[in-house]
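Here is the structure we will look at, set down as structure tokens.
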Amino acid sequence: MARLEGKVAVVTGAGRGIGREIAMLMASEGAKVVVNDLGGNTDGTGTTMIADDVANEIKALGGEAVGNTDSVAEVSGGEGILKTAIDNFGQLDILVNNAGILRDRTIFKMEESDWDAVMAVHLKGHYCCSRPFARYIRENNHTGARIINFSSVSGLYGNFGQANYGAAKAGIAGFSRVLALELAKYACTVNTISPGALTRMTIPLREGRGETVGDSEIEQSGPQHIAPIVAWLATDEAAGISAEIFHTGYGGVSIMQQPAVIKQFKKKDGVWSLDELDKIVPQLLEAKKANEAAAKEAGAPIEV
Ligand SMILES: NC(=O)c1ccc[n+]([C@@H]2O[C@H](COP(=O)([O-])OP(=O)(O)OC[C@H]3O[C@@H](n4cnc5c(N)ncnc54)[C@H](O)[C@@H]3O)[C@@H](O)[C@H]2O)c1
């Protein structure tokens, strides 16, 4: 039996790349899908009608889908996406906030427009699409919904030349943790994906380093490898799993650590002196190093 039968899903940025694979897999698992994409260039400029192409592909395979070209970066766009789901399929159960762009520059060269465009699509885009869905959930007392957000190691670890993107992607992880708390009452889970896949967003970065990306590598490491954990998180089997970050791609599925205190000194009276901190900070750094080494060992891939 298809695992998403009776569910309606919105996948943003589903005209290509990771979003397209998620839309196709969810549809093949029985979900009715709103394929959202304004069909822009990687830097967010331009528009094309690729959302309809993917919706038509799904229909040609016997599934149900509708295209939508609203921008996730606008409040009216997020509302339009929800309306498309309700008008066409009568409900919404799953929101995948996947749409994204890049404007890579070091801080020395980053213009305000580069900062604003990336923040608008990624961080504000998550807000624009999630708020109408959250309100819909509350107004209809709709339980068991799913929100799946897209972060990146760029924000979770840091990546040179991506201060705008990294800040937005780290913000999305924080946004997801708060939403998970606020929507728990409605048994709506909110999880975050940190993907790694060869798409038009990442292939040029590899090629820029002088590497060639062939078909066999795309088969091994393409966006199709991201879709399964996203679709699984939308199933009934994933009920109760919330506020987690799953890193996936290149054949791996992993769960990531969340920020947590790993060692602490507490002063009984008074304020820390700088001389005391001379002694304590190196011990904190040592504890962090040991924690990282243990996490690295525990996180080594297990072949299955
Ligand atoms: N590919 C990776 O390795 C990787 C790594 C980390 C994070 N991500 C994240 O995964 C998501 C998907 O990335 P991808 O690699 O498939 O990229 P992609 O460029 O192939 O697809 C992104 C899609 O989002 C659409 N989009 C952009 N702005 C939009 C807007 N305002 N409204 C609606 N649609 C819009 C684009 O038209 C595009 O089709 C992004 O959020 C990206 O930041 C990808």
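The values are calculated or read from the model by the stated rules, or taken from the named source; none is laboratory data. Values in this document were obtained by computation on a predicted structure and should not be read as measured data. Every residue, glycine as well, gets a Cβ built from its backbone with ideal geometry; the counts of neighbours run over all protein chains shown.
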Checklist entry - Within the bounds of the stretch 203-217, is there any residue that is of a type in the set (Gly, Ala, Ser) and within 9 Å of the ligand (Cβ to nearest atom)? => result no
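Of the residues Phe133, Phe89, Phe175, which is modelled with pLDDT of 95 or more, more than 21 Å from Thr42 (Cβ to Cβ), touching a His at 6+ places or on another chain (Cβ under 6 Å) and among the hydrophobic types (A, V, I, L, M, F, W, C)? Give the derivation first.
Numbers: Phe133 fails: touching a His at 6+ places or on another chain (Cβ under 6 Å); Phe89 fails: touching a His at 6+ places or on another chain (Cβ under 6 Å).
Sole residue among the options that is modelled with pLDDT of 95 or more, more than 21 Å from Thr42 (Cβ to Cβ), touching a His at 6+ places or on another chain (Cβ under 6 Å) and among the hydrophobic types (A, V, I, L, M, F, W, C): Phe175.
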Checklist entry - How many residues, within the stretch 163-185, are without any contact (Cβ under 8 Å) to a residue 60 or more places away in the chain and either outside the structural domain of Gly125 (by TED's automatic domain parsing) or not β-branched (Val, Ile, Thr) (or both)? => result 14
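Rundown of residues vs (1) under 21 Å from Arg146 (Cα atoms); (2) hydroxyl-bearing (Ser, Thr, Tyr); (3) free of Cβ contacts under 8 Å to residues at least 12 places away in the same chain, yes/no style:
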{"position": "Leu4", "(1), (2), (3)": "yes, no, no"}
{"position": "Val11", "(1), (2), (3)": "yes, no, no"}
{"position": "Ala31", "(1), (2), (3)": "yes, no, no"}
{"position": "Gly39", "(1), (2), (3)": "no, no, no"}
{"position": "Gly63", "(1), (2), (3)": "yes, no, no"}
{"position": "Asn88", "(1), (2), (3)": "yes, no, no"}
{"position": "Lys109", "(1), (2), (3)": "no, no, yes"}
Checklist outcome for this item: When restricted to Lys59, Lys32, Lys7, the only residue more than 20 Å from Val121 (Cα to Cα) and surrounded by fewer than 22 Cβ atoms within 10 Å (Cβ to Cβ) is Lys59
Checklist entry - Which fully enclosed helices (runs of 4 or more DSSP H) of the stretch 186-304 have 3 or more residues being in the same structural domain as Gly17 (by TED's automatic domain parsing) and surrounded by 12 or more Cβ atoms within 10 Å (Cβ to Cβ)? => result 203-208, 215-221, 227-233
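Which ones in the stretch 133-154 are part of a helix (DSSP H, G or I), more than 9 Å from the ligand (Cβ to nearest atom) and not β-branched (Val, Ile, Thr)? Reasoning before the result, please.
As a first pass, look at the stretch 133-154 and keep what is part of a helix (DSSP H, G or I): 133-139, 153-154.
Among the residues that remain, those that are also more than 9 Å from the ligand (Cβ to nearest atom) are: 133-139.
Within the stretch 133-154, Phe133, Ala134, Arg135, Tyr136, Arg138, Glu139 meet the criteria.
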Checklist entry - For the stretch 111-118, does any single residue satisfy the condition of being more than 30 Å from Gly6 (Cβ to Cβ), within 11 Å of the ligand (Cβ to nearest atom), within 20 Å of the chain's Cα centre (by Cα) and surrounded by fewer than 19 Cβ atoms within 10 Å (Cβ to Cβ)? => result no
Item to check | Long-range neighbours under 7 Å by Cβ, at least six apart or interchain, first residue closer than 30 Å to Ile245 by Cβ within the stretch 260-278, second outside any loop (DSSP other than H, G, I, E, B) | outcome: Ile262/Ala287; Ile262/Lys288; Ile262/Asn291; Lys263/Leu284; Lys263/Ala287; Phe265/Ile280
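Specify the residue that is farthest from Pro259 (Cα to Cα); the eligible residues are those in the stretch 112-162 that are of a type in the set (S, T, N, Q) and without any contact (Cβ under 8 Å) to a residue 40 or more places away in the chain. Steps first, answer last, please.
So in the stretch 112-162, the residues of a type in the set (S, T, N, Q) come out as 113, 130, 140-141, 143, 149, 151-152, 154, 159, 162.
With without any contact (Cβ under 8 Å) to a residue 40 or more places away in the chain added as a condition, the list becomes 113, 140, 154, 159.
Values: Ser113: 31, Asn140: 34, Ser154: 16, Asn159: 18 Å.
Among those residues, the one meeting the criterion is Asn140.
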